[in-house]
Amino acid sequence: MKKVKYSMITLALAFVSMSVISCSDSLLEEKLYDRLGASSLPSGAEGANQLVLGIYPNLQANRLHTLLIYASDAESDVLWVNWGGTDPKAGWGGQMHFHTLDLSHSAASDSWTRCYQIIAQCNEAIRLFGEEAKTDTKVNTIIAEALFWRAWSYNWLIKVFGDVPLVKGGEDMSNGLARTPKAEVLEFIIGDLKSIESALPPSRQASEYGRPTRWAAKTLLANIYLNRKDWTNASLYAKDVIDNGGFELMDYYHDVFGIDENKEVIQVGVCVGEYYRGNNFDALSLEAGLVRALKITGYSASNGFGMTIPFFNTFDPKDERREDFNPDTQKGIMIHGYISDTNGEPLYKNADGEPITAEESLYRVVAMKYPMEANPTRGEWMNADYVIMRLAEVYLTYAEAQNELGDSGEALKYINLIRKRASLDELSASLTKEQIRDAVLDERGWELYFEGYRRDDLIRHGKLLEKARIVWEYYLDIPWTYENDSFRNLFPIPANAMIRNPLLVQNPGY
């Protein structure tokens, strides 16, 4: 499959070398420059396809990493970011958590920039080939793809920022563009997604691996309705994917992230093991001492992020989703506890020379959700694709919706399928609706960590500040003063966007 993946990404990058997205002088950081000019594009499906392929480099490496990890889990109770293993009490600015978020924070500015870059590429394809799509089936399928990624990007923007400028293409932005109410943007993207359900194919050929199907559109709709607490529509779309999409749970949790084109994954960001085109999750997680002590070869070690210790402690020790890393087999997810160096001496010690655990030294549990590859390119870049959507999340969406609709039996059925795969006992049928609600939230945390859902889930359940406080009080010795800071459910509008667009109004509290 690597040859197929490479051919698709090569096409995308070849076109992007001709079609460059610039963020240097655009009010919205979304202006697209085409060196060839529209008149030089081939007509029909070939031209539309070239423009749409330009979307995909934005879904690789650190670009997608920003959205799925930094803009979600780092602003919750799951992810601890402290580059260099910095002591949380030192207050270093490289730590990334909701209480450090301000107008210049990279989690905000990169999310804004990345989504509007994708939107720009989509809008150009829609502008040039939208009319042709009405009469040409092949072009219609390609433009449906652009509509999908535009909707996906706007969904990220409104989840993170609330009201945002709605750019459909062709607007006069010379004097800026005001923010559109979130509800209006939501209706816009829901309309687009519903319009392409039948236009997107139910499956893709091998040469089109990584491009969305109608099931990706339905999964996105299910998640949008879930976050709106529209339980009926969330349930209907999720069940459609479950019953008719042809997906199945993988038998082994870690294989979901290590085997490309597996039966559980609905949508991925395609990665190839090359510089800035690959998945560098593990390299950013690891620390140099661990690499040597555990005889891990071919990896650099950025010592950047991992799982918060309080969240790790919520796992049942039997849970395969927190499987301990085995240095003999080089398999497993979590690195924690006492580690010995190659001479059998404690790897980490405190100031008094006494052995301490890896998590005590690094202030986090190193969690390698994407299985390591043997000697990845440049010590960073793995072939493993970033998972964007998968069946397990759809199961939990359906379970939550069914519980809220009053069918606890159906909810527990799908929660227990997830728990069975994790080697955990089934939940009791005697649980109340409120207990199942809490159980779904817990399962989503344990199942979907580092996949871009946690912050939304905590906001939907009204628990973002409650969970953030647990992490705060674990790591820091200063009082918690954020009890009433519900404004932190949204990110600040980035400073660079505010400067370029004078019509933007900042979110309250920042």
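Just a few scattered comments:
- Cut-off 19 Å, label 7 Å out along Cα→Cβ of ASP87, residues of segment 470-501 by amide N: 472-479
- Span-like helix criteria (full DSSP H runs; alpha carbon extent of at least 15 Å along the helix axis; mean Kyte-Doolittle hydropathy of at least -1.0) are satisfied in the chain by 2-16, 106-133, 137-161, 182-195, 214-227, 231-244, 391-404, 408-421, 464-475.
- Under the Debye formula (equal points on every Cα, no solvent term), log10 I(q)/I(0) of segment 355-395 at q = 0.22, 0.25 Å⁻¹: -0.86, -0.89
- Debye intensity ratio in log₁₀ form over the Cα atoms of segment 360-444, taken at each q of 0.27 Å⁻¹: -1.27
- Projecting label points 7 angstrom from Cα along Cα→Cβ for ALA429 and LYS413 puts them 1.2 nm apart.
- Length added when fully stretched, ARG292-SER340, from 0.36 nm per residue minus Cα-Cα: 16.3 nm
- Here each label is just a point 7 Å from Cα along the line to Cβ, and for SER195 and SER486 those points are 3.5 nm apart.
- In summary, segment 157-293 shows an alpha-carbon radius of gyration equal to 1.34 times the 2.2 N^0.38 Å reference for compact globular proteins.
- Computed with the Debye formula from one identical point scatterer per Cα of segment 319-392, without solvent, the log10 of I(q)/I(0) at q = 0.18 Å⁻¹ comes to -0.89.
- nm² value of the averaged projected area, convex hull over the Cα atoms of segment 357-505: 14.5 nm²
- Reported value for segment 70-199: 137 Å³ per residue, from the convex hull of its C-alpha atoms.
- Note on the chain: with neighbouring protein chains present and a 1.4 Å probe, carbon and sulfur make up 49 percent of its accessible heavy-atom surface.
- The chain: projected area of the alpha-carbon convex hull, averaged over directions, in nm²: 23.6 nm²
- Once the chain from ARG437 to TYR510 is taken as fully extended at 0.36 nm per residue, the excess over their C-alpha distance is 23.1 nm.
- Two-site FRET efficiency, LYS229 against ASN313, from Cβ-Cβ distance with R₀ of 30 Å, rounded to 0.05: 0.50
- Within straight-line cross-link reach of LYS138, lysines at Cα separation under 23 Å, skipping those fewer than 8 residues along the same chain: LYS5, LYS168, LYS194, LYS218
- Rounded FRET efficiency, nearest 0.05, which uses the C-beta distance separating ASN350 from GLU131 and R0 of 51 Å: 0.15
- Using a simple spin-label model with pseudo-atoms 7 Å out from Cα toward Cβ, LYS138 and GLU171 lie 3.4 nm apart.
- Based on C-alpha pairs under 8 angstrom that are at least 6 apart in sequence, segment 170-307 has a relative contact order of 14 percent.
The values are calculated or read from the model by the stated rules, or taken from the named source; none is laboratory data. Since the structure is predicted, the reported quantities are computational estimates derived from the model, not experimental observations. So basically every Cβ, Gly included, is an ideal-geometry build from the backbone, and we count neighbours across all protein chains shown. In case anyone asks, the SASA skips ligands and DNA or RNA and just uses the protein heavy atoms, side chains included. Shrake-Rupley method; radii C 1.70, N 1.55, O 1.52, S 1.80 Å.
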